[in-house]
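Peer 1: Please see the structure below; I have some questions.
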């Protein structure tokens, strides 16, 4: 009826359980349930009067026959499904007692982290896989003053633990950009980091690196511009752009601005609640952009983000 408030989301908890080899436990949804046959992180609904930890403790004992003593927040994913909304709170469980068994006749699988993405999962679980396997910080470079200065600062960023980098050089001539991207690729590969180039699909294809699309490029495409194995990301500002990024099978998106920035002080901002509302419409991993600092990762994760992206607070002086 007009004026009715939307139903609150269903609160669900799930656990990341690891064995001695570092593999992660997945459970298969049984016949008769929504999304039957899909694999998910074990857990279930939070019942009235329960804390999330109490619900997680109860569900894991009922489903798997194990006992847990502690749990650490990993990510909270708001997700809209046809006819319902959920919030999936996911926790890392550092240890447990007992042997995990499918007490509800559900199949179980211990998956290496690098194989998690190959399992068909409900939409809410895709951001969880990314939170477990992909970087939480996404460094976007400022316009390079010179190749030498850029590479010196890139080396510092990589030494500081940055593992996903966007080379953004809109004013640089094409030949110089390709040469700089080649040198940056060598440094990133040596550090185990991923490199994307802003907007230049041809350069990315030639060098075997990723590409970060502008929102205009994104909305003009009919298919993914690079094959699987080469990262494709995009800048998004609204639900339509996020939906297009998901339709094209992009690997992740950047969404903002969440907060005001020095470069765009009067621009409209999403705020964390706006970020979360847009996040629930797609299953893409999404970085928060706009006024972000490296220490904002935990806040972004509480609102369903993969982490944070930025230039000024991320690029070494």
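The values are calculated or read from the model by the stated rules, or taken from the named source; none is laboratory data. The structure displayed is predicted, hence computed values, not measured ones. Glycine also receives a Cβ, built like all others from the backbone with ideal geometry; neighbour counts cover every protein chain displayed.
Peer 1: Go through segment 56-82 and count every residue that is out of contact with any helix residue (DSSP H, G or I) (no Cβ under 7 Å at 6 or more places or on another chain) and modelled with pLDDT of 95 or more.
Peer 2: Looking only at that region, the number is 14.
Peer 1: Mind checking which residues of segment 187-206 are assigned to a helix (DSSP H, G or I) and more than 14 Å from residue 169 (Cβ to Cβ)?
Peer 2: 187, 188, 189, 190, 191, 201, 202, 205, 206
Peer 1: Hey, does segment 290-297 have a residue that's within 18 Å of the chain's Cα centre (by Cα), at pLDDT 95 or above and surrounded by 24 or more Cβ atoms within 10 Å (Cβ to Cβ)?
Peer 2: yes
Peer 1: Within segment 83-100, can one find any residue that is free of Cβ contacts under 8 Å to residues at least 40 places away in the same chain, exposed (fewer than 13 other Cβ atoms within 10 Å of the Cβ) and in contact with a helix residue (DSSP H, G or I) (Cβ under 9 Å, 6 or more places away or on another chain)?
Peer 2: yes
Peer 1: What is the residue count in segment 57-82 for residues that are closer than 16 Å to residue 102 by Cα and surrounded by 13 or more Cβ atoms within 10 Å (Cβ to Cβ)?
Peer 2: Count: 9.
Peer 1: So which of 230, 217 is more than 17 Å from the chain's Cα centre (by Cα), in the same structural domain as residue 277 (by TED's automatic domain parsing) and either buried (at least 18 other Cβ atoms within 10 Å of the Cβ) or within 22 Å of residue 167 (Cβ to Cβ) (or both)?
Peer 2: 217
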